[in-house]
Amino acid sequence: MDSTFFQCYKSFVLLFVVIYLPGLLFYPFFSEGFSSYFNYTEGVYLNSFILIFSFLFLTFISFYLVSKIPYTKVYYINSKLCLLIVFSVVLVYFLLSVNFSLNFTSSFRHKNRLSNAGGLVAVLFFLKPIIYFIVSLMLINILNGRGFGRKGKILLFLILISSILSLNSSLQFIIVPIIFIMIVSPGLMTKNFYDFNIKYLLTTILFIPLICIVVVFIGIGNKVGYDYLLSSEGLNYILNYGNTLFPRMSTSLFSSVILLNNTLNGVFYSSEVLDGIHATLLNRFSLILPIDNFDSSLINTVNRLNYLEVFRNHADRAGASPGIISSIFYTPFFPATFFIIPLYIACIFRALRVHMKNIRFNFLSVIIFPYLILNLFESPLNILYIADPVFILFFTVVFLGRFINVEEVFSK
């Protein structure tokens, strides 16, 4: 495995740690909140460590095997044409974000249904993961030692404004400081730790906690309302929010532990998942094709199944992404999926490796890079729905993205 591809593996491992560590750390302190939130009362640690270390080992093996496949020659799309396509996508995203800000609020996910919000909002949600992929390619351009030309900076600025206007979840806020850094001080993405002076170090120490506070604030505000949140009752709510916050951050961890426990007890999900994929696929295509049988009440997805299996209390139409480990138990052909899902991850990073020179992530870029493609890891089975943002993102990253000459396009 070459050093750059190994850097990609380490980047994924860090993402993995960020996703699964909070539940392991805070479970002893908020066990009451966890037990009331999840449909699980048994020990969490032994099963978690077995799953996590086994999965990371199999993923490493997959990275190693995939790295041995020879790279084929890439014929790039004309850089001017490619830049025009990217600009068009970003401009459409900007206009859709303006429309979203005029008609909806950041609490959209808690107050509206996507199927009832109109076609413009649906397209916005489809485009958002693609925009994040474009940002990831622009980050790779920085890591390759190249800067941005005037057009590249305009692209980033449009994406920054659009991301603010279309903000509708706490995690989406993180893209705002990322793009801001890429515009104002892209060198932060490549500086080694020993190159940092006191100014950079103090800025980082203050910056990261501030981002975390804003992310939590947006997440709570979207759920309970900002007027309530800024009142004295809202302050007390925040102070007692640990029993809700840390379980919410641990959905992927507890999904994997619960599904492992269910599997050991002889409960398997292949038939349910296949039926759900078939029904959802036909239902979604009925929106595109001239077939008048769309059922807006249908919610037969893996996310819904995971929500019903994992959570103690159920809302009528809620779902929860299972996460990368839990997807092993839902994917058909289990237990072969212990190898299929790691190979899926390795293939995604291999497609991104095509754009990289011999780079090394620093502590900032190693966190940011996998965040930008996080949608591919939350619920991999969504690629089987075809008419889904995750499928479009996967197809763009693995197949279409390889024809983009990153340096030629984004350095202009």
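The values are calculated or read from the model by the stated rules, or taken from the named source; none is laboratory data. The shown structure was predicted, so the numbers you read here are calculated from the model rather than taken from an experiment. All Cβ positions, glycine included, derive from the backbone under ideal geometry; neighbour counts span all protein chains shown.
For (1) closer than 30 Å to residue 359 by Cβ; (2) modelled with pLDDT under 85; (3) touching a Phe, Trp or Tyr at 6+ places or on another chain (Cβ under 7 Å); (4) not small (Gly, Ala, Ser), each residue gets a yes or a no:
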position	(1), (2), (3), (4)
10	yes, no, no, yes
17	yes, yes, no, yes
35	no, yes, no, no
44	no, yes, yes, yes
54	yes, no, no, no
63	yes, no, yes, yes
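Against the numbered list (1) more than 30 Å from residue 306 (Cα to Cα); (2) touching a residue at least 60 places away in the same chain (Cβ under 8 Å); (3) not in a helix (DSSP H, G or I), residue 90 comes up short only at (3).
Here is a yes/no grid of residues against (1) under 21 Å from the mean Cα position of the chain (by Cα); (2) at pLDDT 70 or above; (3) outside any loop (DSSP other than H, G, I, E, B):
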| position | (1), (2), (3) |
| --- | --- |
| 284 | no, yes, yes |
| 290 | no, no, no |
| 299 | no, yes, no |
| 304 | yes, yes, yes |
| 309 | no, yes, yes |
| 315 | no, yes, no |
| 320 | yes, yes, no |
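Can you tell me which residue in segment 19-32 is farthest from residue 368 (Cα to Cα), limited to those that are under 25 Å from the mean Cα position of the chain (by Cα) and surrounded by 14 or more Cβ atoms within 10 Å (Cβ to Cβ)? Step through it out loud before you land on a result.
Of the residues in segment 19-32, the ones under 25 Å from the mean Cα position of the chain (by Cα) are 19-27.
Within this subset, residues satisfying the condition of being surrounded by 14 or more Cβ atoms within 10 Å (Cβ to Cβ) are 19-24, 26-27.
Numbers: 19: 13, 20: 17, 21: 17, 22: 18, 23: 21, 24: 22, 26: 24, 27: 26 Å.
Per the stated criteria, the residue is 27.
You will find that of 325, 359, the residue that is over 17 Å from the mean Cα position of the chain (by Cα) and among the aliphatic types (A, V, I, L, M) is 359 and no other. Can you tell me which residue in segment 93-121 is surrounded by the fewest Cβ atoms within 10 Å (Cβ to Cβ), limited to those that are part of a helix (DSSP H, G or I), of a type in the set (A, V, I, L, M, F, W, C) and modelled with pLDDT under 80? So the residue we want is 114. Here residue 266 meets each of (1) in a helix (DSSP H, G or I); (2) at pLDDT 80 or above with one exception, condition (1).
Rundown of residues vs (1) touching a Leu at 6+ places or on another chain (Cβ under 7 Å); (2) touching a residue at least 12 places away in the same chain (Cβ under 8 Å), yes/no style:
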| site | (1), (2) |
| --- | --- |
| 1 | no, yes |
| 19 | no, yes |
| 39 | no, yes |
| 47 | yes, yes |
| 64 | no, yes |
| 81 | no, no |
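Residues satisfying the criterion are present in segment 358-378 (criterion: under 27 Å from residue 73 (Cβ atoms), at pLDDT below 85 and among the charged types (D, E, K, R)).
Only one of 85, 69 is more than 21 Å from the chain's Cα centre (by Cα) and without any contact (Cβ under 8 Å) to a residue 40 or more places away in the chain. Can you tell me which?
Values: 69 fails: without any contact (Cβ under 8 Å) to a residue 40 or more places away in the chain.
Exactly one of 85, 69 is more than 21 Å from the chain's Cα centre (by Cα) and without any contact (Cβ under 8 Å) to a residue 40 or more places away in the chain, namely 85.
A single member of 399, 349, 391 is among the aromatic types (Phe, Trp, Tyr), surrounded by 23 or more Cβ atoms within 10 Å (Cβ to Cβ) and not in a loop (DSSP other than H, G, I, E, B), and it is 349. Scanning segment 54-74 for residues that are assigned to a loop (DSSP other than H, G, I, E, B) and out of contact with any helix residue (DSSP H, G or I) (no Cβ under 7 Å at 6 or more places or on another chain) yields 68, 69, 70, 71, 72, 73. Scan segment 21-34 for residues that are without any contact (Cβ under 8 Å) to a residue 24 or more places away in the chain and either of a type in the set (Phe, Trp, Tyr) or more than 16 Å from residue 324 (Cα to Cα) (or both) and jot them down. Selection gives 25, 28, 31.
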